[in-house]
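The values are calculated or read from the model by the stated rules, or taken from the named source; none is laboratory data. A quick note: this is a predicted structure, and the numbers were derived from the prediction, not measured. For neighbour counting, all protein chains shown are included, and Cβ atoms are generated from backbone atoms with ideal geometry for every residue, glycine included.
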Ligand code: HEC
């Protein structure tokens, strides 16, 4: 315990700061233990930033990223976040995102619907990243 397993519990400022205080485990070699869900969220953020860019260039995002279906199984920092409400927000998000990849028209509107579904879930689980997510909206 003394040498190998010094676990220091810190409050998380990075991800979900506001609503609940969450804990991150930092080991002695200072590796930040990012949850599977946090990693997936960062991928989703990057893909939607790319979609915004494509749409502004008049292009259509081509392939729905199947790995985003992992939102149903990815391990959360706080496992108790996954409840009935979380599952329906996940479904709603995947549905609105799929509509971006199949859109024949109104791409901007469909993209913004997907981003608003990110925000809707975040308002119930994880307030911290909302200002960052809002930047994905197309004005
Ligand atoms: C079903 C609910 C839900 C949906 C939908 C959702 N999120 Fe999240 N998001 C979360 C939760 C919960 C966390 C915290 C994950 C953790 O700590 O394990 C999170 C974390 C994040 C983070 C912080 C990651 C980090 O730790 O640095 C970002 C950024 C983020 N989400 C962006 C998005 C974007 C962009 C979308 C839509 C494309 C989205 N989220 C959709 C619930 C959701």
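The set of residues from segment 125-139 being in contact with a helix residue (DSSP H, G or I) (Cβ under 6 Å, 6 or more places away or on another chain) and surrounded by fewer than 17 Cβ atoms within 10 Å (Cβ to Cβ) comprises 130, 137, 138. Counting only residues that are farther than 16 Å from residue 103 by Cα and within 9 Å of the ligand (Cβ to nearest atom), segment 44-78 holds 12 of them. Evaluating residue 30 against the criteria (1) at pLDDT 95 or above; (2) more than 13 Å from the chain's Cα centre (by Cα) leaves one unmet condition, (1). Just one of the listed residues (60, 77, 96) is touching a residue at least 40 places away in the same chain (Cβ under 8 Å) and buried (at least 17 other Cβ atoms within 10 Å of the Cβ), namely 77. The residue list 90, 80, 18 contains one member that is in a helix (DSSP H, G or I) and modelled with pLDDT under 95, which is 80.
The residues listed here are 113, 83, 87; of these, the one that is without any contact (Cβ under 8 Å) to a residue 60 or more places away in the chain, farther than 16 Å from residue 67 by Cα, touching a helix residue (DSSP H, G or I) at 6+ places or on another chain (Cβ under 8 Å) and more than 8 Å from the ligand (Cβ to nearest atom) is 113.
Residues considered: 133, 138. Of these, the only one that is in contact (Cβ under 8 Å) with a residue 60 or more places away in the chain and either more than 8 Å from the ligand (Cβ to nearest atom) or farther than 19 Å from residue 42 by Cα (or both) is 138. Taking (1) within 15 Å of the chain's Cα centre (by Cα); (2) at pLDDT below 95 in turn, residue 63 satisfies each apart from (1).
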